[in-house]
Amino acid sequence: QVQLVESGGGLVQPGGPLRLSCAASGSTFSFSHMAWYRQAPGNQRELVAISTRGGIINYADSVKGRFTISRDGARNTVYLQMNSLKADDTAVYYCNARQGASIYWGQGTQVTVSS
């Protein structure tokens with residue numbers, strides 16, 4: 001069984017940076033992808049960034065140039081560096097990983113961008 005644990009959320013001022021981490025434990029072999037999603041109140045959960053085992057990285061248009069996803073394979077950890085944060089980035093951020101036919105989710109971490 002795989003567990004994903006996010007950390008790093010919090011309150012940040014507009015324009016500021018924040019880095020999220022997601023550590024995977026359990027049977028962590030061979031994730032085909034690790035990704036970050038977010039869900040704001042009243043909205044559907046949306047993909048923010050994804051990193052595949054084959055080295056493909058994609059971002060939502062709304063975060064391109066501001067967010068960077070990276071993976072540490074040795075630690076089975078994925079990061080989301082968020083810069084130039086805006087109020088619209090306020091949401092619960094979820095870590096996501098796929099292993100074969102199984103999809104795993106973290107519990108989510110709140111990011112609030114406000115002055």
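Worth a mention:
- Residue match in region 104-112 (condition: of a type outside the set (S, T, N, Q) and more than 14 Å from the chain's Cα centre (by Cα)): no
- Residue count, region 24-38 (criterion: open to solvent by 20 Å² or more (accessible area, probe 1.4 Å) and either of a type in the set (Val, Ile, Thr) or within 11 Å of the chain's Cα centre (by Cα) (or both)): 2
- Unique match (being closer than 15 Å to Ala24 by Cα and at pLDDT 90 or above) among Leu80, Leu85: Leu80
- So Arg98, is it charged (D, E, K, R), touching a His at 6+ places or on another chain (Cβ under 8 Å), modelled with pLDDT under 95 and buried (at least 17 other Cβ atoms within 10 Å of the Cβ): yes
- Restricting the first member to region 96-110 and to residues that are touching a residue at least 60 places away in the same chain (Cβ under 8 Å), and the second to residues that are part of a loop (DSSP other than H, G, I, E, B) and open to solvent by less than 90 Å² (accessible area, probe 1.4 Å), the beta-carbon pairs closer than 6 Å and six or more apart or on different chains are Ala97/Phe31; Arg98/Ser32; Gln99/Phe31; Thr109/Gly9; Gln110/Gly9.
- Residues being of a type outside the set (Gly, Ala, Ser), open to solvent by 50 Å² or more (accessible area, probe 1.4 Å) and over 14 Å from Leu47 (Cα atoms) - total across region 104-114: 2
- Leu80 being buried (at least 21 other Cβ atoms within 10 Å of the Cβ), touching a Ser or Thr at 6+ places or on another chain (Cβ under 8 Å) and closer than 23 Å to Gln44 by Cα: yes
- Subset tally (residues that are over 18 Å from Val5 (Cβ atoms) and either open to solvent by 40 Å² or more (accessible area, probe 1.4 Å) or within 11 Å of the chain's Cα centre (by Cα) (or both)) for region 64-77: 4
- Residues in region 40-58 that are open to solvent by 60 Å² or more (accessible area, probe 1.4 Å) and farther than 25 Å from Ser25 by Cα: Pro41, Gly42, Asn43, Gln44.
- Matching entry among Asp89, Asp61 (being over 18 Å from Gln3 (Cα atoms), surrounded by 15 or more Cβ atoms within 10 Å (Cβ to Cβ) and not polar (S, T, N, Q)): Asp89
The values are calculated or read from the model by the stated rules, or taken from the named source; none is laboratory data. The structure presented is a predicted model; accordingly, all values stated were derived computationally and were not measured. Reconstructed Cβ throughout: ideal geometry from the backbone, glycine too, with neighbour counts over all protein chains shown. Note: areas computed on protein heavy atoms with side chains; ligands, DNA, RNA excluded. Shrake-Rupley method; radii C 1.70, N 1.55, O 1.52, S 1.80 Å.
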